[in-house]
Amino acid sequence: MSDQGKYIYTVSQLTSSIKIVLEDSFQNIWVEGEISNFERPSSGHFYFTLKDDKSELKCVFFKGSTEKIKFEMKDGMQVLCSGRISIYEKRGVYQLYVAKVEPKGVGALQLAFEQLKERLFKEGLFDEARKKEIPFLPERIGVVTSVTGAAIRDILHVLDKRFSNVEVIINPVKVQGDGASQEIASAIEEFNILKDVDVIIVGRGGGSLEDLWAFNEEIVARAIYNSKIPIISAVGHEIDWTISDFVADMRAPTPSVAAEIVIAKKSELLDRLDEIEKKITDFPMDIVKEYQQRLDEIEKAVGLRFRHYIELKEENFKLFFEKIQILSPLGILDRGYSISFKLPDRNIIKN
């Protein structure tokens, strides 16, 4: 529009022109700031403000992209946001249309791990008191893992080596990528519905934090927590810890160790049976030997008491005999003592 040589914009025209300039100038940029006024309406979009000590920038994070965020965004968090600057034409407000968010100072996955771990801990999902005992020598072992990975080969190798006739039921799942956590959770639930195994091993081989992430998802943690069947978590290597490890009834550092935990060596069991058989055989003889020893002790005690009794009686008899000898008339005569009589009346002479 013009008036006497002046070009006059309408508000809409000016806003559109500014929008074009901004979008051309600020594509694929990164902005650092602190989240404030965070809102998450029912639409699933995120609305928040990025701020520093001098300025603020309104941000919009649409639902299609928010679903990829692993951690929980909240006020006060320092983040890096990637996106483009544009204008919300209805209000003439420029804002950042966010495509990606990363926490500043720590990786997004690590932050998500710590946040979920803290929340589930507070809910009691890690409580030792609720954990179930792993059965001794289970008849059927359920395994939730990939059929193409190294984990299942390691598990089967150990089980075959230790106890070749144990029954293993595999519920194959994806162990990484989109949909993996849902498959793992569903497999655990299926075992619980069918109730045809005594214990479940859930796991996979080693990898990066991203590779192991399916075992850090809340859906898997709750499936393990709700399982009525004892579960051993065996994810990655010894240094790797996942949310599944904290929730499971037992954590194994590797899938191979999980197989070793769940079933003892057949040779060890046979050795134990031999020991038990020997104890059962030796038990009656041990009782007989014990009674024989007690009889020997009794015989010894009786002999000692009898000898003591005889010795005591002999001593008493000796004393009594000595007294008799002292009082005996024969003893007096032996000492030369005599009695004189006066004849013929045989009266004793007393003086």
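The values are calculated or read from the model by the stated rules, or taken from the named source; none is laboratory data. What you see is a predicted model; the values in this text were computed from it and never measured. Reconstructed Cβ throughout: ideal geometry from the backbone, glycine too, with neighbour counts over all protein chains shown. Keep in mind that these areas ignore ligands, DNA and RNA; they rest on the heavy atoms of the full protein, side chains included. Shrake-Rupley method; radii C 1.70, N 1.55, O 1.52, S 1.80 Å.
In table form, for the structure just shown:
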quantity: Considering only the chain, percent of DSSP beta bridges that pair antiparallel, nearest 5; calculated: 60 percent
quantity: Approximate shape of the range 233-327 as ellipsoid semi-axes (Cα gyration tensor, √5λ), whole Å, largest first; calculated: 76, 18, 7
quantity: Per residue convex hull volume, Cα atoms of the range 112-214, in Å³; calculated: 123 Å³
quantity: Highest average packing first - 211-219, 296-304, Cβ atoms within 10 Å; calculated: 211-219, 296-304
quantity: Karplus-derived 3J(HN,Hα), 6.51/-1.76/1.60, for each residue of the range 161-178, Hz, glycine and proline x; calculated: 6, 8, 7, 5, 9, 6, 8, 10, 10, 9, 10, x, 9, 6, 10, 7, x, 4
quantity: Estimated dipole of the chain in Debye, rounded to 20 [Cβ of Lys and Arg +1, of Asp and Glu -1, Cα centre]; calculated: 1280 debye
quantity: Under 5 Å, built H, 5+ apart or other chain: amide partners of residue 80; calculated: 102, 104
quantity: Base-10 log of normalised Debye intensity for the range 189-233 (one unit scatterer per alpha-carbon) at q = 0.16, 0.33 Å⁻¹; calculated: -0.47, -1.23
quantity: Sequence-distant residues sharing a close amide H with residue 167 (under 5 Å, placed H); calculated: 141
quantity: Formal net charge of residues neighbouring residue 68 (Cβ-Cβ distance under 11 Å; K, R +1; D, E -1); calculated: +1
quantity: Overall form of the range 285-351 per C-alpha gyration tensor (a/c, 1.5; a/b vs b/c); calculated: prolate
quantity: Exceeding the 21 Å Cα-Cα cut-off - candidates 100/122; 74/122; 68/174; 68/117; calculated: 100/122
quantity: In Hz, Karplus ³J(HN,Hα) per residue of the range 229-243 (6.51, -1.76, 1.60; θ = phi - 60°; x = Gly, Pro); calculated: 9, x, 10, 9, 8, 9, 10, x, 9, 4, 7, 8, 10, 10, 4
quantity: Local net charge near residue 17, Cβ-Cβ under 12 Å (Lys/Arg +1, Asp/Glu -1); calculated: -2
quantity: Expected-Rg normalisation [2.2 N^0.38 Å, Cα atoms] applied to the chain; calculated: 2.39
quantity: The range 181-340 shape via C-alpha gyration tensor axes, a/c threshold 1.5; calculated: prolate
quantity: Prolate/oblate/rounded label for the range 171-274 (Cα gyration tensor, a/c 1.5); calculated: oblate
quantity: Highest average packing first - 139-148, 10-19, 75-84, Cβ atoms within 10 Å; calculated: 139-148, 75-84, 10-19
quantity: Residue 45 long-range amide H proximity, modeled H, under 5 Å; calculated: 63
quantity: Normalised contact order of the range 1-136, rounded percent, pairs of Cα under 8 Å and 6 or more residues apart; calculated: 21 percent
quantity: Surrounding net charge for residue 206, when Lys and Arg each add one and Asp and Glu each subtract one, Cβ distance under 13 Å; calculated: -4
quantity: Solvent exposure ordering (accessible area, 1.4 Å, most first) of 225, 309, 7; calculated: 7, 309, 225
quantity: Descending principal axes extents, the range 145-186, alpha-carbon based, whole Å; calculated: 35, 18, 10
quantity: Over the range 102-159, equivalent-ellipsoid semi-axes from the Cα gyration tensor in Å; calculated: 32, 21, 7
quantity: Estimated 222 nm signal from helices in the chain, with DSSP H stretches of n ≥ 4 weighted -39500 (n - 2.57), rounded to 500; calculated: -14500 deg cm²/dmol
quantity: Relative contact order computed over the chain (Cα-Cα under 8 Å; 6+ residues apart), in percent; calculated: 11 percent
quantity: Degrees, to the nearest 10: 108-123 long Cα axis against longest axis of the chain; calculated: 50 degrees
quantity: ³J(HN,Hα) computed for each position of the range 213-224 - Karplus, 6.51 cos²θ - 1.76 cosθ + 1.60, integer Hz, glycine/proline x; calculated: 4, 4, 8, 10, 7, 4, 4, 6, 4, 6, 5, 5
quantity: Projected area averaged over orientations for the range 1-91, convex hull of C-alpha atoms, nm²; calculated: 8.0 nm²
quantity: Taking all pairs of distinct alpha-carbon atoms in the range 1-155, Kirkwood radius in angstrom; calculated: 19.9 Å
